[in-house]
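Accompanying notes for the structure given below.
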Amino acid sequence: MDDRNRHRCALLATSLLLSVPVLPARADPPAAAPVAPAAPNLSAVQHDGDVDLPEFKFGNGERLAPLRLHYTALGTPQRDAAGKITNAVLLLHATTGTGKTFLVPSLANHLFGPGQPLDVKRYYVVLPDGIGFGGSTKPSDGLHWRFPHYGYRDQVEAQHAMLQAMGIDHLRLVAGISQGGMQTWLWAEQHPDAMDAVMSIACMPIQISGRNLMWRQIVADAVRSDPKWSGGDYDRADPPTAWTRSAALMFALMVGTPERLQAAGPDRAKTLAYEDELTAQYRGRDAGDALYDYESSADYDPAPDVTRIKVPMLAVNFADDQVNPSQLPVTRETVEHLASGKFVLLPGGWGHAGIFHADLWADQLGAFLSSLPGLDHPHPPVSAEK
């Protein structure tokens, strides 16, 4: 395979990660999905489960009864004398993803193995599907536009309730990528005593605004203007699909890098063919689920409550990330005012899609864990920019 095709395949794989089709409730992913287990040794320590909350009240006052929350877990829970689970870690997925995103080789092979930062022989790693994703309750289950309008704060409260139902009332670490990183900031504020540490990857602690809001609005507008949208009450047998082209291309533009996009489409014909490939990947996504997903960021704004953060925090961003551009100093400046915070700006190489390449940031995670008192994690320090 020549370098051009290698770059093309790598970028296409990254795009697949960002456009995993939403699966029917309780269904296993199809064999071709990019969420297949990354390493054979994980199969013996992996299990899936559901927590059904009898009723969930959203921040806007809407209610849903019941609310099903699906999760994938790796490892074995360890308990203290009182029966409390002591080794739980919560990892939160990105926009359009599911908990199983973390099983992709470019993540799992750097995180969960022996001696790696989240070695599943040491930790009980919980990978939830957020409301509206994967095996959790979502608009496409039947309510469509009648589904309660959830936000990131609702996601955090639902995750907290799910963990309590699982017998987990304290976490060693809460960490997340992109959307999950934003929810990590909210976890540290809404439940400041519920964890030992937090790590956000590829996000900023401010409202979704500027370019980050504009591209999301383009996708949302594409859904609403799709000829088959019908105000959200669309025919499930003939669903909206025209919106997927705008979504696919905006994703590629925002999460990739100019170099990788050029390698994927080095001339006009190859670029147009690549656009078709990206669009085809999106065809399995439900329009309503996607719209709710994109618009759920509307309530995200951790800035007013950052003083509530008590635990050590590591914030990692990438220098070539167009979603969270390094020209904006907000993450650095916010972390500098935390009692125990560290900001790291990594060179990247994949743009925002660096969230799916743990080889870029796993060492930072390991060093962060090793610096925490009482965790006894065997990782050497890693130089960091603060």
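The values are calculated or read from the model by the stated rules, or taken from the named source; none is laboratory data. Nothing here was measured: the structure is a model prediction, and the numbers come from that model. Note that each Cβ is placed from the backbone with ideal geometry, even for glycine, and that neighbours are counted across all protein chains shown. Calculation scope for accessible area: heavy atoms of the full protein, side chains included, ligands and nucleic acids excluded. Shrake-Rupley method; radii C 1.70, N 1.55, O 1.52, S 1.80 Å.
Of all beta bridges that DSSP places with both ends in the chain, some 40 percent have antiparallel geometry.
In Å, what Kirkwood hydrodynamic radius results for region 175-281 from the alpha-carbon pair distances? Evaluated over region 175-281, this radius sits at 16.5 Å. Close lysine pairs were tallied over the chain: pairs 8 or more places apart or on different chains with Cα atoms under 26 Å apart number 10. Gyration tensor over the Cα atoms of region 77-221: the corresponding equivalent ellipsoid has semi-axes (square roots of 5 times the eigenvalues, largest first) of 27, 18, 16 Å.
Leaving ligands and nucleic acids out of the surface, order Leu69, Leu261 by accessible area at 1.4 Å, largest first.
Leu261, Leu69
Which of Met199, Ala175, Trp215 sits farthest toward the positive end of the charge dipole of region 136-241, with +1 on the Cβ of Lys and Arg and -1 on the Cβ of Asp and Glu? The residue sitting most towards the positive pole is Trp215. Ordered by solvent-accessible area of protein heavy atoms (1.4 Å probe), largest first, the residues Thr76, Thr241 come out as Thr76, Thr241. Using 0.36 nm per residue and subtracting the Cα-Cα separation, the extra length available between Thr86 and Asp235 on full extension is 48.9 nm.
Relative contact order for region 281-372: what percent, with Cα pairs under 8 Å and sequence separation of 6 or more? Show your work: numbers first, answer last.
On the way: 79 pairs, mean separation 24.9, N = 92.
27 percent.
Here Trp145 and Asp305 are evaluated by their C-beta separation; at R0 = 35 Å the FRET efficiency comes out at 0.65.
For the chain, the percent of C-alpha pairs falling in each 10 Å distance bin, counted from 0 to the bin holding the largest distance, reads 5, 24, 35, 26, 9, 1, 0. A straight chain from Gln327 to Ser370 at 0.36 nm per residue would run longer than the Cα-Cα distance by 12.5 nm.
What's the Kirkwood radius of region 163-227 in Å, using all Cα pairs? Mean inverse Cα-Cα distance, inverted, gives 13.8 Å. Here each label is just a point 7 Å from Cα along the line to Cβ, and for Ala165 and Leu253 those points are 4.0 nm apart. Each of the peptides 319-327, 128-136 was scored by the mean count of other Cβ atoms within 10 Å over its residues; in descending order, highest first, they stand as 128-136, 319-327.
Spin-label pair His337-Asn41: with each label point 7 Å from Cα along the Cα-Cβ axis, the two points sit 4.4 nm from one another.
Report relative contact order for the chain in percent, whole number only (criteria: Cα-Cα under 8 Å, sequence separation at least 6). Each step should come with its number before you reach the end.
On the way: 787 pairs, mean separation 71.2, N = 386.
So the answer I get is 18 percent.
Using a 1.4 Å probe on the protein chains only, how many percent of the accessible area of the chain belongs to carbon and sulfur?
On the way: 8390 of 15480 Å².
After summing per-atom areas, the C and S share lands at 54 percent.
How large is the dipole of region 171-299 about the Cα centre if only Lys and Arg carry +1 and Asp and Glu carry -1, each at its Cβ, rounded to the nearest 20 debye? Walk me through the intermediate numbers first.
Values: 12 positive and 18 negative charges, 79 e Å.
It works out to roughly 380 debye.
Ordering Ala290, Pro373, Pro304 by Cα displacement along the dipole of region 244-386 toward the positive end leaves Pro373 in first place; charges were set at the Cβ atoms of Lys, Arg (+1) and Asp, Glu (-1). Loop sites by DSSP among the GluC sites (Glu not before Pro) of the chain, restricted to those with at most 14 other Cβ atoms within 10 angstrom, leave 63-384 as the longest stretch without any of them. The helix-only estimate of mean residue ellipticity at 222 nm for the chain, built from DSSP H runs of length n ≥ 4 each weighted as -39500 (n - 2.57), is -10000 deg cm²/dmol after division by the residue total.
Given +1 on the Cβ of Lys and Arg, -1 on the Cβ of Asp and Glu, and no further charges, what dipole in debye does the chain carry about its Cα centre, rounded to the nearest 20?
280 debye
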